[in-house]
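K.L.:
I'd like to ask you about the structure that follows.
The values are calculated or read from the model by the stated rules, or taken from the named source; none is laboratory data. Every value quoted in this text rests on a predicted model; they were computed, and no experiment measured them. Glycine gets a Cβ as well: all are built from the backbone with ideal geometry, and neighbour counts include every protein chain shown.
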Amino acid sequence: MATFLYKLGRFSFRRRHFVALLWIALLTLAGVGAASAPAAGSSSFSIPGVEAQKAFDLLEQRFPGSSADGATARVVFKAPDGEKMTDAAHKATVEKTVKELGDGSEVVSVTDPYTTNAVSKDGTVAYASVKYEVSSVELKDSSKEALETTADQARDAGLTVEMGGDALQAEPDQAATGEIIGLALAAVVLVVTLGSLVAAGLPLLTAIIGVGIGVSTITALASALDLGDTTSTLALMIGLAVGIDYALFIVSRYRAELAEGRSREEAVGRATGTAGSAVVFAGLTVVIALAGLSVVGVPMLTKMGLAAAGTVVVAVLIALTMIPALLGYAGRKVKPAGEKGKRFGRRTAEDTAGAAGGAAGGAAKPNMGARWASFVVRRPVAVLLLGVVGLGAIALPATQLELGLPDDGSQPTSTTQRRAYDLLSEGFGPGFNGPLMLVVDAKGSADPQAAATAVSDEVKGLKDVVTVTPATFNKAGDTAMITVIPDSKPSSTDTEDLVHAIRDAGTGVTADTDAKVLVTGTTAMNIDFSQKLTDALIPYLALVVGLAFLLLIVVFRSILVPLKAALGFLLSVLAALGAVVAVFQWGWLASLIGVEETGPIMSMMPIFMVGVVFGLAMDYEVFLVTRMREAYVHGESPGQAVVTGFRYSARVVAAAAVIMMAVFAGFIGSGESMIKMIGFGLAIAVFFDAFVVRMAIVPAVLALLGKKAWWLPKWLDRALPNVDVEGEGLRTSADAKDTDPDEDRELVRA
């Protein structure tokens, strides 16, 4: 591996014009494809196999033309204090509004609150339901504007009018504010780490090109592959983070090779062969984690994972080819590590130590990474206990994790959707915002009417049920719909218990009638979605961690090092989930990051965090521990190898972690609660994994294990392929010659 990448790096350096033109051509091709591709339509959201989805599909089949997936809007009216909606003037205003709402070209139906008993018992609140023939994504702007204009006219007549439902659902904020903030912070870190604007600009440039190719390709294929707007969000977030980090590691190693007295072409080759090998295997772990989302069985997550995995592949290829090419263009503008040290008025051991100057490097003052590693090696038990106990304490809130999906009740109070939600809760009870729809499939029943009646009677007697509407049959008379209004709000555990109770009761009632009862609706779909993700978490974790464990065995040629890496990852993920629960569910410090409403954690968060954080955690593990492995292979003692690994890698790994945290933290400012939660969760997870697990727990464990850390059964050692991530082959390969030893000799003088 190292020898192949060494040759690839030198080829890219010498043939820089060809490599640069190739990537520019790919970017142009992807951009043209994105610009000329037809606009993507509505991305279908389905959860194959769950009961709510089966009921939804049955409704589409048995009630043709009902637009079951069409957008809906609830226009909620409230009378002024001391007045009622049944007053003649207010009634006339509402009836006029209902008539105007029904004039829309995409409107299927509008209900009149006075004929559908949609007025609260105290007479202060009423609502009209609007059904559209297309989904919220496909709904024309003219229809949304007409809805808002009609509501404004009712407000002018003296009523309080708010609108819920998904018809006015805002598209996810596509503004690049978060990305710009993340890139700005990343640029500062890169300048400090690499010592020059040119060196810092290379990782940023290649990351932007890689993300541009990835996102443009996703956009070009969106219509053909039914990719939604959110598919590119994960690709953008991960692509920026890993693209910058992978390039950073190669550029940093290149500067270290220059500082050891090598020519620029030789330094590029060795940097690509060593750091590039780590990039390849780190990228593979990320790809495994993202592509593994396919096992969950939710098409939306599968598409997001595969799209992001493809963007990571592009980031790896760019780091291995375009970075060497750009280093060739940069020439003397990218200084050796020592040149950076003198520019900032200091010269670290990392800047001076190396094969060409072993004596001088050994006498140099240890840098901060080496000093920290030396401390950990001397006090491994104390550091290990402190790290594990600390993360364990932070993880405790995760034991109270409640999963759900955001609804209008989680919106900021400034939105009309949230105000409509509150008005309906006030007038009709909290459960009114999450009605359950029962589908009675009586096609094989001798008496469909009796079967539906029996189901209604049974459900009325259940706990937490407020209202059960009469059954509505289709034209064939073999399928009925029954609406159930719970007493509790949609996201509560009581409502979830009610869904399970209805399913259990329906099974018993229809056993003798050859009918089937299915529960669906938005609330039931959310419950089934959360359960499906929960059930898939363990198989997904086993698959991803198992494959990555095998991959790391090949990389490190050890059993205990990959095992330690996996256990450390689990600890950091649990701690991150604990922090997410404390902030977003319990409300601790929520105001500091703009969390207006607390509630259940997004259902996708645990499995999403496992997939993304595992890949990133293995990045740090590979980059940090391969340098330790390299030192150990070259003859250093286990303890000294830990210190050496930190001397050369800790600074860069810390910078890479800060860059990832900056990219993810940039999304915390989003107005979308889901994006805010993802940004916070990933940023805090990276902090825990990089600075607690990899920087403290890992060296402590390695110090305690000693030589046992690198033990591998002889039979397994013979069976495994030798990928030579450490670059041992470069020391003996005939190709690893300094072809021009006098090329830049003046640049590496002390």
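K.L.:
Considering 480, 515, which residue is in contact with a helix residue (DSSP H, G or I) (Cβ under 9 Å, 6 or more places away or on another chain), modelled with pLDDT of 90 or more and of a type in the set (Gly, Ala, Ser)?
P.N.:
The conditions single out 480.
K.L.:
Of all residues in the stretch 636-683, how many are under 30 Å from residue 407 (Cβ atoms), among the charged types (D, E, K, R) and not in a helix (DSSP H, G or I)?
P.N.:
So the count comes out to 1.
K.L.:
Assuming residue 147 fulfils every condition listed in (1) modelled with pLDDT of 90 or more; (2) within 15 Å of residue 424 (Cβ to Cβ); (3) not small (Gly, Ala, Ser) apart from one, which condition is it?
P.N.:
All conditions are met except number (2).
K.L.:
Working carefully through the options 582, 575, find the one that is part of a helix (DSSP H, G or I), touching a residue at least 24 places away in the same chain (Cβ under 8 Å) and surrounded by fewer than 23 Cβ atoms within 10 Å (Cβ to Cβ).
P.N.:
Being part of a helix (DSSP H, G or I), touching a residue at least 24 places away in the same chain (Cβ under 8 Å) and surrounded by fewer than 23 Cβ atoms within 10 Å (Cβ to Cβ) holds for just one of 582, 575, which is 582.
K.L.:
Moving to a separate point now. Determine which single condition residue 179 fails, assuming it passes every other condition in (1) surrounded by fewer than 20 Cβ atoms within 10 Å (Cβ to Cβ); (2) among the acidic types (Asp, Glu); (3) at pLDDT 90 or above.
P.N.:
Only one criterion is unmet by residue 179, namely (3).
K.L.:
Can you tell me which residues in the stretch 475-526 are out of contact with any Pro (no Cβ under 9 Å at 6 or more places or on another chain), crowded, with 17+ Cβ neighbours inside 10 Å and in contact (Cβ under 8 Å) with a residue 60 or more places away in the chain?
P.N.:
Within the stretch 475-526, 481, 502, 506, 510, 516, 517, 518, 519, 520, 524, 525 meet the criteria.
K.L.:
Restricting attention to the stretch 585-625, which residues are surrounded by fewer than 23 Cβ atoms within 10 Å (Cβ to Cβ), touching an Asp or Glu at 6+ places or on another chain (Cβ under 7 Å) and either farther than 26 Å from residue 532 by Cβ or not assigned by TED's automatic domain parsing to the domain that holds residue 372 (or both)?
P.N.:
If the condition is that a residue be surrounded by fewer than 23 Cβ atoms within 10 Å (Cβ to Cβ), touching an Asp or Glu at 6+ places or on another chain (Cβ under 7 Å) and either farther than 26 Å from residue 532 by Cβ or not assigned by TED's automatic domain parsing to the domain that holds residue 372 (or both), then no residue fits.
K.L.:
Being at pLDDT 85 or above, surrounded by fewer than 20 Cβ atoms within 10 Å (Cβ to Cβ), among the hydroxyl-bearing types (Ser, Thr, Tyr) and within 36 Å of the chain's Cα centre (by Cα) is the requirement here; does residue 321 meet it?
P.N.:
Against the criterion (at pLDDT 85 or above, surrounded by fewer than 20 Cβ atoms within 10 Å (Cβ to Cβ), among the hydroxyl-bearing types (Ser, Thr, Tyr) and within 36 Å of the chain's Cα centre (by Cα)), residue 321 does not qualify.
K.L.:
Given the conditions (1) modelled with pLDDT under 85; (2) more than 15 Å from residue 318 (Cα to Cα); (3) among the aliphatic types (A, V, I, L, M), and given that residue 218 satisfies all but one, which numbered condition is not satisfied?
P.N.:
(1)
Quick grid of which residues meet (1) surrounded by 24 or more Cβ atoms within 10 Å (Cβ to Cβ); (2) in contact (Cβ under 8 Å) with a residue 24 or more places away in the chain; (3) among the hydroxyl-bearing types (Ser, Thr, Tyr):
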residue	(1), (2), (3)
223	no, yes, yes
238	yes, yes, no
247	yes, yes, no
251	yes, yes, no
261	no, yes, no
269	yes, yes, no
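K.L.:
Here's another thing I want to ask about it. Looking only at the stretch 436-474, how many residues end up being closer than 30 Å to residue 421 by Cα and either touching a Pro at 6+ places or on another chain (Cβ under 8 Å) or not assigned by TED's automatic domain parsing to the domain that holds residue 503 (or both)?
P.N.:
7
K.L.:
Name the residues in the stretch 263-274 that are over 19 Å from residue 722 (Cβ atoms), assigned to a helix (DSSP H, G or I) and out of contact with any Leu (no Cβ under 6 Å at 6 or more places or on another chain), would you?
P.N.:
Within the stretch 263-274, 264, 265, 266, 269, 271 qualify.
K.L.:
For the stretch 623-661, which residues satisfy the criterion of being free of Cβ contacts under 8 Å to residues at least 12 places away in the same chain and within 27 Å of the chain's Cα centre (by Cα)?
P.N.:
Answer for the stretch 623-661, where residues must be free of Cβ contacts under 8 Å to residues at least 12 places away in the same chain and within 27 Å of the chain's Cα centre (by Cα): there is none.
K.L.:
Something else about it: Please work out which one of (1) in a helix (DSSP H, G or I); (2) under 20 Å from residue 695 (Cα atoms) is the condition residue 523 fails and give its number.
P.N.:
Of (1) in a helix (DSSP H, G or I); (2) under 20 Å from residue 695 (Cα atoms), only one is false for residue 523: (2).
K.L.:
When you go through (1) within 34 Å of the chain's Cα centre (by Cα); (2) part of a loop (DSSP other than H, G, I, E, B) one by one for residue 514, which number turns out not to apply?
P.N.:
(1)
K.L.:
With the requirement that a residue be under 17 Å from residue 282 (Cβ atoms) and not β-branched (Val, Ile, Thr), what does the stretch 533-556 give you?
P.N.:
Of everything in the stretch 533-556, those that are under 17 Å from residue 282 (Cβ atoms) and not β-branched (Val, Ile, Thr) turn out to be 547, 548, 549, 550, 551, 552, 556.
K.L.:
Would you be able to say whether some residue in the stretch 425-433 is in a helix (DSSP H, G or I), surrounded by fewer than 18 Cβ atoms within 10 Å (Cβ to Cβ) and of a type in the set (S, T, N, Q)?
P.N.:
yes
K.L.:
Could you please give the count of residues in the stretch 633-642 that are surrounded by fewer than 24 Cβ atoms within 10 Å (Cβ to Cβ) and at pLDDT 85 or above?
P.N.:
5
K.L.:
Is there any pair linking a residue in the stretch 325-349 that is charged (D, E, K, R) to one that is in a helix (DSSP H, G or I) and modelled with pLDDT of 85 or more, with Cβ under 6 Å and at least six apart or on different chains, and which?
P.N.:
Every condition considered, the pairs that remain are 333/198.
K.L.:
Moving on to the next point. Which one is surrounded by the most Cβ atoms within 10 Å (Cβ to Cβ) among residues in the stretch 90-135 that are at pLDDT below 85 and touching a helix residue (DSSP H, G or I) at 6+ places or on another chain (Cβ under 8 Å)?
P.N.:
Out of the qualifying residues, it is 104.
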